[in-house]
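Participant: Would you mind keeping the following structure in view while I ask a few things?
The values are calculated or read from the model by the stated rules, or taken from the named source; none is laboratory data. Remember, it's a predicted structure, so these values are computed and weren't measured experimentally. Cβ sites come from the backbone with ideal geometry, for glycine too, and all protein chains shown count toward neighbours. Please note that ligands, DNA and RNA were not included when accessible areas were found on the heavy atoms of the full protein model with its side chains. Shrake-Rupley method; radii C 1.70, N 1.55, O 1.52, S 1.80 Å.
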Amino acid sequence: MSQLVPDPQNSFSATIARLSSKTGVVATVVIDSTLGSVIQSSGHYTTSRAVTAAKNTASANTARPATENGLGQLSTSSSDLDELAAIVWKYVKSTEALISDLDSEDEIKLLRLRTRKNELVIAPDQKYILVVVHEISGS
Amino acid sequence: MQTRKDEILAKKAKLAELKRQRELRTRELISPSPARAEQDRQKLDDLIKNLVGEGSRPGSTGPGGAGSPAGKSSRPTSVVSTGELSNENSESATQGNRNSQPVSISTQILSTAPLSTVYEFQPSPVKEVFSYSKGVQTTEDWGTQTLKPRAFSDSEGEDDEAQLSATPSKRLSRREREREEEIRQNLRKEIEEELKAAQSSVIDGPLLPSFQNTATDNFPARALTAEELNAVTSSEEFMDFVERSSKVIERALDQEYDILADYALSGENGMDNEDDEYSNTRGSKWRTRVKEVAQFYDERWSKKRMISALDFSPKFPELVLAGYTKNPSAPHDPDGLVQVWNMHLHDRPEFVFHAPSDVLAAKFSPFHPNLIVGGAYSGQVFLWDTRAKSAPVQKTPLTGAGHSHPVYSVDIVGTQNANNIISCSTDGVLCGWTVDMLAQPQELLNLTSPPPSKTEDLCPTCMAFPKTDPTFFLVGSEEGTIFPCHRYDRAGSKAGVDQRVSYRGHAAPVMSMDFHPARGAVDLGDLVLTTSLDWTVKLWRVRAPAATSTTGSLSTESASFSPVLDFTREDVVYNAAWSPIKPGVFSVVDGAGTVEVWDLTVDTEVPISKAQPSSRKDGRSMMSKSLNRIAWEQTEGKRLAVGGLDGAVTVFEVGPDLGGKDSAKNEEWTSVKKLVAKVESAATGSVNSVNGL
């Protein structure tokens, strides 16, 4: 049976790879929702908060293509994605608070945040949060 | 445990010390009066009584404050009590000791065992702290936790010694005790919270020494170490999360319609193309077009497999299942495979199911949206559940009862409350199974060729049930003849192949049969469409089983019927299926890789429209173009899934004249009926005229 089920690491990174290879996808981040730590990240996304921070560290803006490495956080863009993760994490937490204020027995299933440039698709779970940033094509 | 033992030892020592002191004191009381024994004894008794009175009064109130009344005074001898009580709270131990001397034997019967259990659970939270990794506790918490009981017993001990005179201090200590209790409660609560937080944040592996409760408040807490990452990413829970959430996100990304589309904006994209297409092909052609809308192929699983089965979910019209044969170049992958594709999820299957042998037939259960039945090359019948993992939830045994030859057709017949899985293998064995139990067939029927044939052997290649009758069915054989069969004994016939009737016309193995769905004004349920390797599609009208029995009684000769209509194609025809909505529409796939849609009400000579699945990037060679299976989406009749040798499932959408809800008019039904009647009468007329000549 073990051979039927692929190695969890592989299937995880394959899933992330497939996600990030979809057209328009800019970045994917998996966050631990209790600790807020980044479990996995790929792609490149520069937050304006990171830009201001990057003025100090000039090396931060070396772009690199998405990696399929399931464990390693990218050395170059990880700080950007960490920023993104921090912002998203804060956003999810405040939304959770909003939902629990509205109905304490309710919970978030999906957050789709459309901006003029991007769409953030956030799937919060009990323990983890999956975030995908993709560009809006066309309009 | 060690610390606990130490504690007990220390207590024992202390108790022994106390006892010795007390003995000394009593000796002092007795020693000054050796001469007048009688009176002195009286005095002494009084004194002792006094002492006892003094001793027991605060004793009974004192422990009462700590939650254990009266019982304390009935403690047996000190030796026993210390032995027993040292397991418990120190406070009760000293209490017991204090009253030990004057207690008589009779009171020993009053055991305080049930009361002692009250105390037994109290140290348990403290114990938890012991067993818990010390690194987690901050030193401060740790200190107070362990010091508390110690301080307690100390004050208690002092209390005891000064007991006769000092009741205020006793009260004080009680208050103190209450406060301690309160603090302890708080601490316990705190620890529990901490534990919970720690457990929920760290799944496996070592706990973090620097973990703090406040970590959740300020982000980014810290980066996980490689070990922790490993532990997290390989945990099943995490895999479930990835599986679930990525599906949701992919569906979200695959959603084509942009809900923020602004139609007031000068339109230059998207909508125009569609408009062009419409305007260019306006007229009759557009209304009968067959347009490809999706193609499903998974690099990991679909590769080098052939599609052997297709079926749309009756409950969720966006789901289509595909059964696959084995991938000869991947011996470690499971041979059989069923993938459920979602129209809204393009890049990956919604579900993947495995089987130990090539899947040759698969079908959604029409009575339970979660269940999928399949037949395999090994002769096994599988049952998969979309709520379970990829392995079949049930399967028939490989040996013993059941099939020993490949099962090319399965069906689920009956009603919502009473349905059976029917499977048919190429050695002529037909089995009926209950959905709950696949260990043994509920019924087993051996199909044999009726007398005129040279051998008894019958090799059914396909099987079809009419939509209304679960006891009657047709089997198509390898020789090309179609036999009607009964599942049970009837008035005029035995179970098995009906000896008197056969449908002859195909000259090569029959590849598929499909009864007309008949959901309209006129009953067309007796029309059957068959395909064969002899490059033809044939339309038959099947005689009702009751009618055949009466004709059988009239003529003992076996009657052979010929097809109503014959459609000759340019290649072997693998599969044909009636539209679930339009009475005259059916679709056909052939060995050349063409999908054809016919409409009997419009034309019986040529198909209304044709299409070919687009070739995938990595190329379909000429050899792999052939299409094996076709299936209609059941509720609307607008979509059509085809699949073949190259393992890709292609979904087409048909124009409004060929499908779609309430597009079927009543006259279409009657016109099909009329057509069949006309063609049939013409055929019998010609036969009669030939006979007449």
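Participant: I'd like the full set of residues that are in contact with a strand residue (DSSP E or B) (Cβ under 8 Å, 6 or more places away or on another chain) and modelled with pLDDT of 80 or more, limited to region B:182-231. Don't jump to the end; show me each part of the working.
Facilitator: Here is the first cut: in region B:182-231, the ones in contact with a strand residue (DSSP E or B) (Cβ under 8 Å, 6 or more places away or on another chain) are B:201, B:220, B:223-224, B:229.
Within region B:182-231, just B:Leu229 meets the criteria.
Participant: Separate question: Checking B:Ala309 against (1) more than 18 Å from the chain's Cα centre (by Cα); (2) open to solvent by 10 Å² or more (accessible area, probe 1.4 Å): exactly one of these is not met. Which one?
Facilitator: Failed condition: (2).
Participant: Residues in region B:497-506: is at least one open to solvent by 10 Å² or more (accessible area, probe 1.4 Å), touching a helix residue (DSSP H, G or I) at 6+ places or on another chain (Cβ under 7 Å) and touching a residue at least 12 places away in the same chain (Cβ under 8 Å)?
Facilitator: Yes, because at least one residue in region B:497-506 is open to solvent by 10 Å² or more (accessible area, probe 1.4 Å), touching a helix residue (DSSP H, G or I) at 6+ places or on another chain (Cβ under 7 Å) and touching a residue at least 12 places away in the same chain (Cβ under 8 Å).
Participant: Give region B:381-403 a look and list any residue that's among the β-branched types (Val, Ile, Thr) and either in contact (Cβ under 8 Å) with a residue 24 or more places away in the chain or open to solvent by less than 30 Å² (accessible area, probe 1.4 Å) (or both), or say none. Steps first, answer last, please.
Facilitator: In the first step, residues of region B:381-403 are kept if they are among the β-branched types (Val, Ile, Thr); the result is B:381, B:386, B:393, B:396, B:399.
Of everything in region B:381-403, those that are among the β-branched types (Val, Ile, Thr) and either in contact (Cβ under 8 Å) with a residue 24 or more places away in the chain or open to solvent by less than 30 Å² (accessible area, probe 1.4 Å) (or both) turn out to be B:Val381, B:Thr386, B:Thr396.
Participant: Surrounded by 15 or more Cβ atoms within 10 Å (Cβ to Cβ), under 19 Å from B:Gly323 (Cα atoms) and within 14 Å of chain A (Cβ to nearest Cβ): is that true of B:Pro406 in this structure? Let's see the steps before the verdict.
Facilitator: Numbers: surrounded by 15 or more Cβ atoms within 10 Å (Cβ to Cβ): yes; under 19 Å from B:Gly323 (Cα atoms): yes; within 14 Å of chain A (Cβ to nearest Cβ): no.
So B:Pro406 does not fit the description; no.
Participant: Taking B:Gly283 as meeting all but one of (1) at positive phi; (2) at pLDDT 55 or above; (3) within 11 Å of another protein chain (Cβ to nearest Cβ), write down the number of the exception.
Facilitator: (3)
Participant: Considering only region B:637-675, state which residues are over 14 Å from B:Phe586 (Cα atoms), in contact with a Lys or Arg (Cβ under 6 Å, 6 or more places away or on another chain) and charged (D, E, K, R).
Facilitator: B:Asp646
Participant: Can you tell me which of B:Lys315, B:Lys303, B:Lys291 is in a strand (DSSP E or B) and surrounded by fewer than 22 Cβ atoms within 10 Å (Cβ to Cβ)?
Facilitator: Details: B:Lys315 fails: in a strand (DSSP E or B); B:Lys303 fails: in a strand (DSSP E or B).
Step by step, each of B:Lys315, B:Lys303, B:Lys291 is checked, and only B:Lys291 is in a strand (DSSP E or B) and surrounded by fewer than 22 Cβ atoms within 10 Å (Cβ to Cβ).
Participant: Every residue in region B:320-332 that is touching a residue at least 12 places away in the same chain (Cβ under 8 Å) and either surrounded by fewer than 23 Cβ atoms within 10 Å (Cβ to Cβ) or farther than 19 Å from B:Arg639 by Cβ (or both), please.
Facilitator: Keep residues of region B:320-332 that are touching a residue at least 12 places away in the same chain (Cβ under 8 Å), which gives B:320-330.
Result: B:Tyr324, B:Thr325, B:Lys326, B:Asn327, B:Pro328, B:Ser329, B:Ala330.
Participant: Something else about it: Could you tell me whether B:Phe567 is assigned to a strand (DSSP E or B), crowded, with 18+ Cβ neighbours inside 10 Å and either within 36 Å of the chain's Cα centre (by Cα) or at pLDDT below 90 (or both)?
Facilitator: Details: assigned to a strand (DSSP E or B): yes; crowded, with 18+ Cβ neighbours inside 10 Å: yes; either within 36 Å of the chain's Cα centre (by Cα) or at pLDDT below 90 (or both): no.
So B:Phe567 does not fit the description; no.
Participant: Pull up region A:21-59, narrow it to residues that are over 16 Å from A:Ala85 (Cα atoms) and more than 11 Å from every other protein chain (Cβ to nearest Cβ), then point me to the one that is modelled with the lowest pLDDT.
Facilitator: Out of the qualifying residues, it is A:Ser59.
Participant: So which strands (runs of 3 or more DSSP E) are wholly in region A:88-138 and hold at least 2 residues that are within 8 Å of another protein chain (Cβ to nearest Cβ), touching a helix residue (DSSP H, G or I) at 6+ places or on another chain (Cβ under 8 Å) and not aromatic (Phe, Trp, Tyr)? Give the derivation first.
Facilitator: On the way: elements: A:111-114, A:118-124, A:128-135.
Answer list for region A:88-138: A:118-124, A:128-135.
Participant: On to the next question. Mind listing whichever residues of region B:479-501 are modelled with pLDDT under 90 and of a type in the set (S, T, N, Q)?
Facilitator: Within region B:479-501, B:Ser493, B:Gln499 qualify.
Participant: In addition: I need a count of the residues in region B:417-449 that are surrounded by fewer than 18 Cβ atoms within 10 Å (Cβ to Cβ) and in a loop (DSSP other than H, G, I, E, B).
Facilitator: Count: 9.
Participant: Go through (1) at pLDDT 65 or above; (2) surrounded by 19 or more Cβ atoms within 10 Å (Cβ to Cβ); (3) under 17 Å from B:Ser245 (Cα atoms) one by one and return the number of the condition A:Ala17 breaks.
Facilitator: Unmet condition: (2).
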